[in-house]
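I have placed the structure first, in the form of structure tokens, so that the comments after it can refer back to it.
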Amino acid sequence: MVVIISINAIAQNNTAANIIEGGKTLVELVRVFKMPRYTMSLQPVVEKKDSCAIKNVTDFTIKNSTEEPLLVSLYRRNGNVYEVGVLSLKILPKNQETIYEIKAGIYNMKFETEADDEKKMIRQGEIKLIGCQHIFKEIKKDGS
């Protein structure tokens with residue numbers, strides 16, 4: 001009888017231990033599923049940059065509100081001198097043109113009208129182009 005009672009007691013002890021361990025496992029699983037997702041996967045935060053910021057470029061739009069074709073010349077300043085390469089374009093009357101992805105920097109711009117093969121200077125000056133900005137200039141008959 002003693003042997004049967006001791007075997008029965010050992011079996012009950014083992015069952016109670018299994019129930020306790022199963023409860024501990026269940027509590028741990030509940031903790032894992034309640035944990036916020038961002039702490040589970042630690043991925044580095046990547047800062048998103050626009051392509052114009054990476055390239056340091058901008059767009060420049062010029063509108064010709066005069067009655068004559070407009071000649072535009074842009075010279076990029078490099079220190080105290082201007083680069084040899086000139087950006088130039090001809091804008092027909094009452095039209096506008098855009099130069100895309102110009103490298104940011106300081107430019108000397110020259111606006112001239114062309115009538116009967118004769119060029120007339122309207123305006124000349126420097127402009128600072130900053131990356132990711134869209135610059136718009138309107139040239140009117142009075143030169144503004």
Condition set polar (S, T, N, Q), out of contact with any Ser or Thr (no Cβ under 8 Å at 6 or more places or on another chain) and open to solvent by 50 Å² or more (accessible area, probe 1.4 Å), scope the range 76-110, selection modelled with the highest pLDDT: answer is Asn95
Near pairs, Cβ below 7 angstrom, 6+ apart or cross-chain, from the range 40-63 (open to solvent by less than 100 Å² (accessible area, probe 1.4 Å)) to any residue that is at pLDDT 75 or above and in a helix (DSSP H, G or I):
Thr58/Cys52
Quick check on this structure: which one of Ser73, Ser41, Ser6 is over 24 Å from the mean Cα position of the chain (by Cα), at pLDDT 85 or above and among the hydroxyl-bearing types (Ser, Thr, Tyr)?
Ser73
What number of residues within the range 104-124 satisfy the criterion of being more than 27 Å from Ala53 (Cβ to Cβ), of a type outside the set (A, V, I, L, M) and in contact with a strand residue (DSSP E or B) (Cβ under 7 Å, 6 or more places away or on another chain)?
9
Residue check, Asp116 against (1) exposed (fewer than 11 other Cβ atoms within 10 Å of the Cβ); (2) under 33 Å from the mean Cα position of the chain (by Cα), all met but one. Which one?
(2)
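The values are calculated or read from the model by the stated rules, or taken from the named source; none is laboratory data. As the structure is a prediction and not an experimental result, all values here were calculated from the model. Please note: Cβ atoms are built from the backbone with ideal geometry, for glycine as well, and neighbour counts cover all protein chains shown. All accessible areas refer to the heavy atoms of the entire protein, side chains included, with ligands and DNA or RNA removed. Shrake-Rupley method; radii C 1.70, N 1.55, O 1.52, S 1.80 Å.
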